[in-house]
1. Determine whether segment 216-228 contains at least one residue that is more than 20 Å from the chain's Cα centre (by Cα) and among the small types (Gly, Ala, Ser).
2. Which numbered condition in (1) surrounded by fewer than 18 Cβ atoms within 10 Å (Cβ to Cβ); (2) out of contact with any Asp or Glu (no Cβ under 7 Å at 6 or more places or on another chain); (3) in the same structural domain as residue 131 (by TED's automatic domain parsing); (4) not basic (Lys, Arg) is the only one that residue 51 fails?
3. Here are 97, 113: which of them is within 30 Å of residue 242 (Cβ to Cβ), in a loop (DSSP other than H, G, I, E, B) and either β-branched (Val, Ile, Thr) or not assigned by TED's automatic domain parsing to the domain that holds residue 188 (or both)?
4. I want to confirm something. Restricting to segment 121-154 and keeping residues that are assigned to a loop (DSSP other than H, G, I, E, B) and among the aliphatic types (A, V, I, L, M), which single residue is surrounded by the most Cβ atoms within 10 Å (Cβ to Cβ)?
5. So, residue 319, is that one part of a helix (DSSP H, G or I) and either under 17 Å from residue 281 (Cβ atoms) or of a type in the set (Phe, Trp, Tyr) (or both) or not?
6. Could you please find all residues in segment 184-204 being out of contact with any strand residue (DSSP E or B) (no Cβ under 8 Å at 6 or more places or on another chain) and under 20 Å from residue 79 (Cβ atoms)?
7. Somewhere in segment 295-305, is a residue aromatic (Phe, Trp, Tyr), part of a helix (DSSP H, G or I), under 22 Å from the mean Cα position of the chain (by Cα) and farther than 26 Å from residue 151 by Cα?
8. Can you tell me which residue within segment 209-241, out of those that are assigned to a loop (DSSP other than H, G, I, E, B) and at pLDDT 90 or above, is nearest to residue 382 (Cα to Cα)?
Amino acid sequence: MVSELDKILIRWDRPEDAEGLETLHWEIRRKATFIDDASKRDKVRQICQKVYGGDEAVAAYTKEFDKVELTPGQFRISEKDLEKSHEEIDKTLLSSIRQAIKNVRQYQSEIFIGDKSTHPGIKYTPIKRVGVCVPGASAPLPSTVIMCVVPAQVAGVKEIVVVSPPRYKGSIHPVILATCCELGINEVYRIGGVQAVAAMAYGNGSIPKVDKIVGPGNQWVQTAKLELFGHVGIDSVAGPSEVLIIANDSAEPKYVAADMLSQAEHDPGIAVLFTDSERLANKVLIELKKQVSKLERYAQTEKCLVDFSRIVVFQNFDDAVKYANIFAAEHLQIQCGDKSREIADKITNAGAIFIGDYTPVAVGDYWAGPSHTLPTGQTAKFFSPLSANDFIKSTSIIEYDKKKLVQSAEDIIRLAEAEGLDAHARSVKIRMQ
């Protein structure tokens with residue numbers, strides 16, 4: 001019997017296949033921001049302008065969008081409530097959270113450049129104040145708190161603000177609060193969406209202005225970050241979670257299918273397989289049909305697979321690698337047996353690379369150490385994973401004595417005069433008199 005899922009299997013021997021993959025890319029980008037919806041972009045801009053006026057607009061939009069009525073005095077979670085959530089959290093879950101924090105802190109410390117430079121011509125300084133957006137999903141996302149907060153702490157950021165919409169009994173899920181408490185974060189606000197991003201960017205109300213905003217969110221949040229870039233720094237404009245798996249005939253079909261489903265269950269989430277094996281492609285398709293039927297959110301996940309997933313069979317494996325670099329996936333898994341590391345070396349565009357059959361994306365999402373806040377929608381061509389190095393800024397240090405200036409003066413004067421900047425040239429000449 002023909003299934004809707006059969007539509008996702010394509011063979012790379014027809015011109016329309018390339019066109020189909022480009023269409024998928026466009027769909028991914030559309031899910032990140034309101035790139036082609038002028039009315040919603042204008043709505044984001046209007047909300048930001050209203051929030052510029054202060055707390056009343058934040059409260060009004062929280063009531064409108066989250067159906068929770070709060071006064072400005074109720075935005076901030078009390079330290080008492082943070083501590084209560086920490087005391088009541090399941091202790092085995094807390095143990096896992098603590099180990100995840102330890103893993104991330106170790107990795108981020110090892111890659112941090114802010115304390116390793118010995119060059120006299122540069123100075124690194126931590127950003128003073130950072131805002132972290134944590135989505136208000138139906139399930140809590142403590143991993144988002146860890147993956148955004150710990151890198152900032154490693155960089156030396158002193159003031160970290162967490163915002164999350166009041167989607168759990170009119171507040172923030174206690175697991176999120178407990179994680180904040182474990183990390184020593186005591187400035188937590190039960191607001192979300194565009195109004196939270198704008199409130200942090202402008203600082204005109206009860207939330208003092210931040211210097212950079214990081215973290216995931218829906219199209220409204222990401223469009224707001226894009227709109228306010230310049231008032232504040234941002235990490236990137238993140239879209240739906242995505243995985244691209246490169247696999248050859250040695251891959252285990254049930255692993256590949258499970259990894260595709262782990263992204264598709266985000267709804268929307270993008271899952272793509274590149275292979276040169278017709279046999280593997282067909283087995284993975286069979287496994288997808290089998291495994292998706294066992295999920296609680298079966299209907300939504302299957303639709304997401306049909307809309308945003310593909311199994312692409314290439315005639316040449318080199319083409320699979322070539323198009324993987326064009327695809328520039330957020331998560332790139334390589335399941336090619338003993339050739340996996342060799343193929344990984346050929347990848348130039350990816351947010352994170354997961355090598356081998358036993359490195360599912362979940363290892364990176366929760367445990368390994370690199371932040372799971374990654375570039376999506378082909379932005380891995382110019383954005384990098386969030387890290388401790390994103391929370392410092394560099395300042396150039398230049399110091400000349402008279403002898404060194406004399407040695408360079410004629411060249412500097414000549415260049416300044418070539419640009420018609422007489423005062424620039426004179427600032428050097430006057431020191432030569």
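The values are calculated or read from the model by the stated rules, or taken from the named source; none is laboratory data. Computed from a predicted structure; not experimentally measured. Glycine gets a Cβ as well: all are built from the backbone with ideal geometry, and neighbour counts include every protein chain shown.
1. no
2. If we test residue 51 against (1) surrounded by fewer than 18 Cβ atoms within 10 Å (Cβ to Cβ); (2) out of contact with any Asp or Glu (no Cβ under 7 Å at 6 or more places or on another chain); (3) in the same structural domain as residue 131 (by TED's automatic domain parsing); (4) not basic (Lys, Arg), just (1) comes out false.
3. Selected residue: 113, the only one of 97, 113 that is within 30 Å of residue 242 (Cβ to Cβ), in a loop (DSSP other than H, G, I, E, B) and either β-branched (Val, Ile, Thr) or not assigned by TED's automatic domain parsing to the domain that holds residue 188 (or both).
4. Ranking the candidates gives 134 first.
5. In short, yes.
6. Within segment 184-204, 184, 186 qualify.
7. Checked segment 295-305: no residue is aromatic (Phe, Trp, Tyr), part of a helix (DSSP H, G or I), under 22 Å from the mean Cα position of the chain (by Cα) and farther than 26 Å from residue 151 by Cα.
8. The extreme case among them is 235.
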